[in-house]
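Okay, so here's the structure we're looking at.
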Amino acid sequence: MKNDAVIQAEPTPNPRTMKFIVDRKIATETFEMRSALEATRSPLATKLFGFPWLESVFVGPNFVAITKQDWVDWDVLAQPLQGLIKEHIDEGLPVLNPAEDKAESAGPGESDSPVVRRIREVIDTEIRPAVAMDGGDIVFEKYQDGRVHLIMRGACSGCPSSAYTLKVGIETRLKEAVPEIVEVVAVQ
């Protein structure tokens with residue numbers, strides 16, 4: 001018996017991004033693609049970049065967040081995209097091929113200071129899961145001179161409310177957990 005995927009489209013705080021939730025795990029990592037060239041790791045994203053209105057594809061553990069250009073409306077796109085994603089998964093095709101080089105991992109390093117380890121812990125256990133609910137991701141880049149540098153991906157990238165979320169939500173929580181932090185900044 002074939003186990004058909006169930007896909008639900010859900011708006012995100014970013015009006016240009018729609019989150020397509022899949023009823024099963026589709027990836028073991030998060031990965032963002034902003035062009036067809038970057039999509040070579042993802043057979044699904046390669047298909048999606050065939051549409052001229054597509055701006056980026058962000059793959060999460062059980063969702064695909066798609067960011068479109070302003071000139072096209074979600075009421076025209078959501079259902080066809082939902083069908084394309086479902087068909088891809090139902091055919092048993094991979095959403096994301098394994099990485100050839102794991103050097104880009106955002107995981108903790110053995111040489112991390114206690115402050116960096118605590119920052120990573122709060123980001124990974126509290127912030128990333130909350131942001132993923134909106135179709136995005138936050139990745140720690142570095143801690144330098146009291147400043148935490150974060151990369152905002154998926155629905156967070158380019159979201160009108162991301163600056164507010166960064167300062168009021170993420171910065172406030174990180175400063176509570178790690179008083180040494182002076183500021184949290186987004187890296188482009």
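The values are calculated or read from the model by the stated rules, or taken from the named source; none is laboratory data. Owing to the predicted nature of the structure, the values given are computational and were not obtained by experimental measurement. Note that we place each Cβ from the backbone using ideal geometry, even for glycine, and neighbour counts take in every protein chain shown. Ligands, DNA and RNA are excluded from the accessible area calculation, which covers all protein heavy atoms including side chains. Shrake-Rupley method; radii C 1.70, N 1.55, O 1.52, S 1.80 Å.
Couple of notes before you dig in:
- Residue list for the range 42-82, filter: over 24 Å from residue 133 (Cβ atoms), in contact (Cβ under 8 Å) with a residue 12 or more places away in the chain and either of a type in the set (S, T, N, Q) or not in a loop (DSSP other than H, G, I, E, B) (or both): 43, 47, 69
- Residues within the range 133-156 that are open to solvent by 30 Å² or more (accessible area, probe 1.4 Å) and of a type outside the set (Phe, Trp, Tyr), tallied: 10
- Taken together, the residues in the range 13-34 that are assigned to a loop (DSSP other than H, G, I, E, B) and open to solvent by less than 40 Å² (accessible area, probe 1.4 Å) amount to 4.
- Condition met for residue 147 (more than 15 Å from the chain's Cα centre (by Cα), within 19 Å of residue 168 (Cβ to Cβ) and among the basic types (Lys, Arg)): yes
- Search result, residues across the range 128-142 that are in contact (Cβ under 8 Å) with a residue 60 or more places away in the chain and either charged (D, E, K, R) or over 16 Å from residue 159 (Cβ atoms) (or both): 134, 137
- Residue match in the range 86-104 (condition: at pLDDT below 90 and touching a strand residue (DSSP E or B) at 6+ places or on another chain (Cβ under 6 Å)): no
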